[in-house]
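Please read the structure below before turning to the comments.
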Amino acid sequence: MLEIKNLHAKVGDTEILKGLDLTIEAGKVHAIMGPNGAGKSTLSYVLSGRDGYEVTEGSVLYKGKNLLEMEPEVRAGEGVFLAFQYPVEIPGVSTMNFLKAAVNSVRKYRGESEFDAMDFLKFVREQTKILNIDDDMLKRAVNVGFSGGEKKRAEVLQMAVLSPAFAVLDETDSGLDVDALRIVGEGVTALRSPERSMLVITHYQRLLDYIVPDVVHVLADGKIVDTGDKNLAIELEKNGYANYVEAAA
Amino acid sequence: MNAAVSDTVDQVQSVEKYKYGFVTDIEADQAPKGLNEDIIRFISAKKEEPEWLLEWRLKAYAHWLTMEEPDWPKVNYPPIDYQDSYYYSAPKSSEDGPDSLDDVDPELLETYEKLGIPLHEQEVLAGVKNVAVDAVFDSVSVATTFKDALAKEGVIFCPISEAVKEHPELVKQYLGSVVPYSDNYFATLNSAVFTDGSFVYIPKGVACPMELSTYFRINASNTGQFERTLIIADEGSHVSYLEGCTAPMRDENQLHAAVVELVVLDDADIKYSTVQNWYPGDENGVGGIYNFVTKRAACRGKNSKVSWTQVETGSAITWKYPSCILQGDNSVGEFYSVAITNNYQQADTGTKMIHLGKNTSSRIISKGISAGKSQSTYRGLVKMMPKAEGSRNYTQCDSLLIGKECGAHTVPYIESRNKSAKVEHEATTSKIGDDQLFYCRQRGISEEEAVALIVNGFCREVMQELPMEFAVEAQKLVGISLEGSVG
Ligand SMILES: Nc1ncnc2c1ncn2[C@@H]1O[C@H](COP(=O)(O)OP(=O)(O)O)[C@@H](O)[C@H]1O
Ligand SMILES: [Mg+2]
């Protein structure tokens, strides 16, 4: 599904990713853990094509295609989704309208028919029920005045309606209390399927109790420095990142 | 690509950008070029006007000759040669005015069809509220729909030239009573040479059963359009009125100097909406309409109300300040405005709220969006007169900038001569954030669509004031007018 080789990327003049290798098979969930500033969000932006994140070396193949030469909206059409660490506010645009614009854009890209207003409402309501989201949120402007937990749930809702083949979740657990964490975690787990891969970025192990990963990586100083199964996450929780940070430095 | 090919491609692209840019090939009856007393007599004779109206026109013309073009708006344009324009142009087929829709020239019907304006009464979809339309083509009204249905309620909706003949007492009483012939340079010019426009009278206690609308279309080249609209809402009546405007793409600048007068009596209200989409000129600033318009409402009665809503996306230059004179006690004035400028467009627009009566209130919500190399100015006046006891105003001016080469300016004048009156003013300036654009694009929404979405969100407070029937069209227009503004 995704094959990253020797990826180097800089922001401004600073190199942040320094030779990152990562392969994710279809249907697998990989977790990336690492200290603050390791380059986790940078990786998510490089994969989704944000301006200002310049790839200087290496390659990323997605479904056999060169991901790096696609515009962000093309990547979305091809099935790449990013749940943002800090979701962005769009004043005056209702969440419902935003979802509809997004879903119809990717459906158009994928050669599927666009939803009309009624069908779309039905479709969204099915998803909000699963994620335990109050339909009232759909009327509110995108992320405006949302609590931390609401923002993260809205991100997962967007993921659900856009039906991506590859989703990156950047610290989707941050700012959530225990109940919200469970709902979000179960919501994401419900979206697992043999056709869908995920890259779950997190600082803490607790999210991985709900989204049980197939593979866990440690990212430090712009490189993958360790790889293991879900037990690696538990070890990390106990011992912290100090060893990796020292080794990388 | 060779020059000829790229020329053609450019042309095709610009046609797509402004889809109303076509010209209707129709035989026109024109007055000779230029402006003088004879031309005014010609117009008046064409319209078979009574003597008093001709005299009023001539008085305005004599006054205009003594006036100077205003130079205070923040807009730049080369001097206008008022002798190099036609002041009267009418499609030949409408010489005597059509008696019914069946008499309207098919070429004209087709034009309005292309513009998306229904002139066939029977084609209105089930479940959709009817909209009565007055279609003004260059200097004359070519069709008015649903006249009979409206007449049953006593509502008069017709071309103003027809009202002069059929309802002279109303026209004589109210014409120039809100915007006098000596008001300002462009209004005075309009008083001398106005050709057509709409007339509306809503009788006492009647809620107009449908939306009324006028579509203005400039077709002939080198022709100024000078329409005059007069709406009277008698005691306890209600009406919602919408005007839309388009023009062909031409390299020359064409002058549009309209006057709109609203008169509102006790307990009556008028909701006046504008979707202004005159040709804005090309991306190098060549051509486009000069839109110099005077709009004013007199809230004469107690508890009367006027709400102006405007979505201004077109014109090379826009110069207009729809205003309210709040004379009746407890009267209310509202101004909701979206002004979008792109490329080399210039807009200097805003409102005047003049509080005369007790407990009058006004609300101003202005959203200016500037892109390209355009300049947008909000200019507003709030005046509390000595007798405006307990009156209030709230003003909110928000500007959104797209790119680095455009400008947004806010010029609020506040004058309070009554201590109990309250005036509040808020203003913000912001930019479309890269983070917002990226967020949208990550969700599959193209950059242009994202801009349209974000800008429509920014304007929501104003857009939601538009009648339902027109809101969707206006939202699309926002997107179209900002095409090419990013990337
Ligand atoms: N836009 C930016 N401009 C400059 N430096 C940045 C920018 N974004 C991230 N960085 C730097 O890149 C490094 C990695 O950041 P980030 O990818 O956000 O880490 P993580 O998500 O792992 O906490 C940090 O040192 C951070 O300061
Ligand atoms: Mg991060």
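The values are calculated or read from the model by the stated rules, or taken from the named source; none is laboratory data. Given the structure is predicted, the values throughout are model-derived calculations rather than measurements. Neighbour counts run over all protein chains shown; Cβ positions are idealised from the backbone, glycine included. We work out accessible area using only protein heavy atoms, side chains counted, and drop any ligands, DNA or RNA first. Shrake-Rupley method; radii C 1.70, N 1.55, O 1.52, S 1.80 Å.
Residues considered: A:K152, A:K139. Of these, the only one that is basic (K, R) and within 14 Å of chain B (Cβ to nearest Cβ) is A:K139. Determine whether B:I432 is surrounded by 14 or more Cβ atoms within 10 Å (Cβ to Cβ) and within 19 Å of A:M96 (Cβ to Cβ). It is false that B:I432 is surrounded by 14 or more Cβ atoms within 10 Å (Cβ to Cβ) and within 19 Å of A:M96 (Cβ to Cβ). Being crowded, with 18+ Cβ neighbours inside 10 Å and aromatic (F, W, Y) is a condition met by at least one residue of the stretch A:130-150. Tally time: how many residues in the stretch A:76-94 are surrounded by fewer than 23 Cβ atoms within 10 Å (Cβ to Cβ) and at the interface with chain B (Cβ under 7 Å from one of its Cβ atoms)? Adding up the residues that qualify gives 4. A single entry from B:G457, B:G484, B:G444 fulfils the requirement of being part of a loop (DSSP other than H, G, I, E, B) and either at the interface with chain A (Cβ under 7 Å from one of its Cβ atoms) or open to solvent by less than 40 Å² (accessible area, probe 1.4 Å) (or both): B:G444.
Can you find a residue in the stretch A:220-234 that is under 23 Å from A:F98 (Cα atoms) and open to solvent by less than 10 Å² (accessible area, probe 1.4 Å)? Within the stretch A:220-234 (the criterion being under 23 Å from A:F98 (Cα atoms) and open to solvent by less than 10 Å² (accessible area, probe 1.4 Å)), the answer is no, since none of the residues qualifies. B:G328 meets the stated requirement of being modelled with pLDDT of 95 or more and not in a strand (DSSP E or B).
Restricting attention to the stretch B:119-168, the residues that are modelled with pLDDT under 60, out of contact with any helix residue (DSSP H, G or I) (no Cβ under 8 Å at 6 or more places or on another chain) and surrounded by 14 or more Cβ atoms within 10 Å (Cβ to Cβ) total 1. For the stretch B:64-85, the set of residues classified as within 23 Å of B:A31 (Cβ to Cβ) and in contact with a strand residue (DSSP E or B) (Cβ under 9 Å, 6 or more places away or on another chain) consists of B:I80, B:Y82, B:S85, listed by residue number.
Of the listed requirements (1) over 26 Å from A:K28 (Cβ atoms); (2) away from ligand 1 (no atom under 16 Å from the Cβ), A:G175 misses just one: (2).
Do the conditions hold for B:K352, that is, is it outside any strand (DSSP E or B), modelled with pLDDT of 95 or more and basic (K, R)? For B:K352, the condition - outside any strand (DSSP E or B), modelled with pLDDT of 95 or more and basic (K, R) - is not met.
For the stretch B:252-279, a residue qualifies if it is open to solvent by 10 Å² or more (accessible area, probe 1.4 Å) and among the hydroxyl-bearing types (S, T, Y), and exactly one does: B:Y279. Scanning the stretch B:167-208 for residues that are in contact with a strand residue (DSSP E or B) (Cβ under 7 Å, 6 or more places away or on another chain) and without any contact (Cβ under 8 Å) to a residue 40 or more places away in the chain yields B:H167, B:A207. Within the stretch B:391-405, being outside any strand (DSSP E or B) and open to solvent by 10 Å² or more (accessible area, probe 1.4 Å) holds for B:G403, B:K404, B:E405.
Taking the criterion of being among the aromatic types (F, W, Y) and either within 16 Å of ligand 2 (Cβ to nearest atom) or part of a loop (DSSP other than H, G, I, E, B) (or both), the residues of the stretch A:5-64 that qualify are A:Y45, A:Y53. All of (1) within 15 Å of ligand 2 (Cβ to nearest atom); (2) within 25 Å of A:Q158 (Cβ to Cβ) hold for A:E73 with one exception: (1). Going by the structure shown, is A:K108 more than 8 Å from chain B (Cβ to nearest Cβ) and either surrounded by 19 or more Cβ atoms within 10 Å (Cβ to Cβ) or more than 30 Å from A:Y204 (Cα to Cα) (or both)? The answer is yes for A:K108. Of the listed requirements (1) within 18 Å of the chain's Cα centre (by Cα); (2) more than 9 Å from chain B (Cβ to nearest Cβ); (3) away from ligand 1 (no atom under 16 Å from the Cβ); (4) without any contact (Cβ under 8 Å) to a residue 60 or more places away in the chain, A:D116 misses just one: (1).
Among the numbered conditions (1) more than 13 Å from chain B (Cβ to nearest Cβ); (2) within 16 Å of the chain's Cα centre (by Cα); (3) within 16 Å of ligand 1 (Cβ to nearest atom), the only one that A:V29 does not meet is (3). Taking the conditions (1) within 10 Å of chain B (Cβ to nearest Cβ); (2) assigned to a loop (DSSP other than H, G, I, E, B) in turn, A:N97 satisfies each one other than (2). Hey, could you check the stretch A:32-73 for residues that are basic (K, R) and away from chain B (no Cβ under 14 Å) and say which is farthest from A:T172 (Cα to Cα)? It comes out as A:K65.
Restricting attention to the stretch A:157-209, the residues being in a loop (DSSP other than H, G, I, E, B) and either basic (K, R) or away from ligand 2 (no atom under 16 Å from the Cβ) (or both) number 9.
As a summary of the residue check, A:G52 satisfies the conditions (1) within 15 Å of ligand 1 (Cβ to nearest atom); (2) within 17 Å of the chain's Cα centre (by Cα); (3) closer than 30 Å to B:D398 by Cα except for the one numbered (2). Taking the condition touching a Lys or Arg at 6+ places or on another chain (Cβ under 9 Å), among the hydroxyl-bearing types (S, T, Y), away from ligand 1 (no atom under 16 Å from the Cβ) and touching a residue at least 40 places away in the same chain (Cβ under 8 Å), does A:S193 pass? Spelling it out, it is not the case that A:S193 is touching a Lys or Arg at 6+ places or on another chain (Cβ under 9 Å), among the hydroxyl-bearing types (S, T, Y), away from ligand 1 (no atom under 16 Å from the Cβ) and touching a residue at least 40 places away in the same chain (Cβ under 8 Å).
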